[in-house]
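For reference, the structure is listed below as structure tokens.
Any read-out appearing in this document is the output of simple, stated calculations on the displayed coordinates, not a laboratory observation. Predicted, not measured: the structure shown is a model, and the values here were computed from it. So basically every Cβ, Gly included, is an ideal-geometry build from the backbone, and we count neighbours across all protein chains shown.
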Amino acid sequence: MKKWEWLAQRIGLWPRLALSLSLGLLALFFVFSTLGERAVQESIARLLEERQLLAEMAAGELEDLLRHSGEELRQLSHGLFPERIENEALLAARLAWAYEQRTPEFAGLVFLDPEGRLRAAYPPAGFSIGASLLERPELGLHLKAEGLSVSRPFRLPASGAPVMLLAVPVQSTDGRLQGFMGGWMSLEDARVRQILQRSARLGRIGHALLLDPQGNVVASTLQIPFGSPGEHARFYRQAFAEGRPQVQIVPVEPGFPNESPGHLHVMAFAPLRLAPLAVAIGGDLDTIAAPITRLRWGLALLGLLALGGIWGVSLLGAHLLVRPVHRLTQAAQRIADGDLSTPLRAPEGGEIGAMAEALERMRLRLLENIRELARWSETLEVRVAERTEALRQQEALTRQLLRRLLTAQEEERARLARELHDEAGQILTAVQLSLDRLAKTLGEANPWAQEQLHRTRELVAQAMEDLRRVISALRPGVLDQLGLIPALRGVAEALLQPLGIHLILETEGITERLPGEVELILFRIAQEAMHNVARHSGATHVWLRLIRREGELIMEVQDNGRGFNPTAVTVEGAGRGLGLAGMRERASLIGGQLEIDSQPGQGTTIRVRIPWPSLVGLPASGRPMEERQEVPANEGTTDPSPDCG
């Protein structure tokens with residue numbers, strides 16, 4: 001579907017319309033041709049049916065001729081042999097009289113005894129008296145006690161004429177079988193030829209044949225010798241074996257005179273029921289199908305002429321219809337390209353004229369709207385510029401206030417750390433020294449006092465340790481003195497080691513201390529990230545990387561903990577969400593971006609990217625950074641801040 005839509009967009013209206021008309025007319029021509037071909041095929045089928053009907057009619061006429069001849073023999077036998085005749089001379093005399101007086105349709109008459117032996121024949125046929133005709137294979141004779149018996153076609157030994165023997169039973173007055181009265185029916189008889197010629201003339205076809213079961217010709221309308229194989233002997237033998245009327249288009253077999261081997265004939269075949277014969281009627285396929293061929297070509301030519309005429313008229317009408325539409329399309333394209341100064345003129349009336357007028361009204365409205373929008377655009381640009389400048393100033397002010405707030409926060413942390421160190425730390429140190437002196441003064445004389453003093457000293461020591469952790473959390477002195485990496489190691493020792501979390505510190509491409517502001521911000525971000533690891537992740541390893549590459553500084557804090565869904569932690573002030581928001585704000589103060597990569601069950605990576613050019617010009621110490629250090633889990637913690645004492 002998309003392919004056709006793409007093709008329709010690339011082809012204009014006129015080619016699409018012409019293509020549609022052409023395809024429609026071709027489809028119509030195809031339907032017309034299909035119907036015409038179907039009519040032609042039906043005509044051919046009817047023609048073949050007619051040929052088969054002619055063959056069956058010829059076979060019926062020949063059977064009628066055989067029945068008529070058999071009836072003549074029966075009537076003749078009733079008159080000649082009312083009683084049984086034992087005298088052979090008298091029998092031959094009666095046959096001679098009957099042949100001379102009453103049987104012009106027979107080539108001779110014979111009388112056979114009940115066993116089929118020849119008792120008399122006139123004129124002599126070349127068979128000896130007493131010979132059994134049932135034993136002659138060329139006759140193939142089977143005598144029937146009732147009805148007509150017919151032999152195969154053969155040549156008489158005496159004259160060589162092609163004949164068939166027709167025989168009827170002869171009974172005496174007492175009902176006993178005397179023998180068989182027979183006659184030689186000539187296959188060159190005019191009646192046989194007339195039947196074949198009449199069938200050929202009715203079908204306006206080439207020839208008609210009378211065939212024996214071996215496919216040999218025994219009579220025909222052609223000059224084919226008796227007993228010669230037919231031009232389609234294989235087809236004739238197969239049809240005899242099937243024993244039913246049929247019609248086929250078959251090729252001429254090799255060896256047939258005056259015909260090219262393989263030339264096609266239409267042959268209709270119909271067997272006779274009374275005799276082992278069949279009628280075949282047919283002729284040249286080209287000659288028989290000539291009217292149908294002319295009809296087919298006529299229909300094709302008529303269809304092509306009609307298609308061409310309709311196609312030409314349709315294309316001309318479509319072109320006249322598309323031309324004003326094409327002009328309107330060009331005008332609409334000019335409007336789409338922004339040319340609203342050229343007016344549209346209606347090329348003609350009707351729907352296309354109404355469309356042109358509608359497009360002209362649309363052009364005028366668009367022109368007015370564009371002018372109005374231009375005025376509004378100028379006003380809007382001024383307002384947007386003013387608003388943008390106000391937002392920029394507000395953002396700068398907000399960033400400045402945030403920077404001041406964080407700076408004040410750090411300064412306040414530093415002040416609190418100093419005061420705690422200078423005041424509370426000194427007081428606890430003095431208390432500890434006083435307790436030491438008191439312990440020496442009391443000696444071992446008062447055990448209860450010594451035990452209470454020992455507990456008090458432990459509480460003071462615990463208070464001093466807690467004070468050092470608070471001072472380190474407020475402002476680790478190691479950050480100012482040693483730099484970012486030692487400070488982060490101290491945070492890891494204080495937060496991660498007690499939980500058995502292994503920290504790996506890595507640096508790449510950094511040879512000097514970073515600016516103090518950058519170190520402080522990165523320290524706070526890493527501190528918050530490690531707090532989150534300790535509180536939420538359940539991790540066993542943390543990787544902290546500080547990398548400089550391709551014009552930017554990257555810090556990553558990665559753990560192998562349970563991870564979380566970053567999109568779900570979006571509520572400001574709600575636990576981890578507040579910490580993440582604070583990380584983003586701190587990163588933005590030095591032009592950086594905070595990235596969070598985490599999925600449930602796959603750990604968490606906090607990544608800070610800071611453009612390196614934004615760090616140029618900020619003061620930094622010259623102490624080189626460490627490349628890679630590991631802080632193993634479950635080792636003694638170190639105090640990242642100076643002594644309180």
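Miscellaneous remarks
- Förster radius 60 Å - calculated FRET efficiency between L315 and V470, Cβ distance, rounded to 0.05: 0.05
- Spin-label model distance (nm) - T456 vs E585, 7 Å beyond Cα toward Cβ: 4.5
- With R₀ set to 51 Å, the beta-carbon distance separating N258 from Q101 gives a calculated FRET efficiency near 0.70.
- For the stretch 108-204: rounded, prolate or oblate by the Cα gyration tensor [a/c cutoff 1.5]: prolate
- For L156, residues with placed amide H under 5 Å, excluding near neighbours: A161, V163
- Linear extension gain, I370 paired with L442, 0.36 nm per residue minus alpha-carbon span: 15.8 nm
- Net length gained if the chain between Q393 and S172 were fully extended (0.36 nm per residue, minus Cα distance): 64.7 nm
- Label sites at R234 and R607, each approximated as a point 7 angstrom past Cα along Cα to Cβ, lie 8.4 nm apart.
- Calculated FRET efficiency, S43 to L202, Cβ-Cβ distance, R0 = 25 Å: about 0.90 to the nearest 0.05.
- Qualifying trypsin sites (Lys or Arg not before Pro) in the stretch 70-153, where qualification requires a DSSP coil assignment and no more than 16 other C-beta atoms within 10 Å, comprise R84, K144.
- The modelled label-to-label distance for the pair V31/A145, using points 7 Å beyond Cα in the direction of Cβ, is 7.1 nm.
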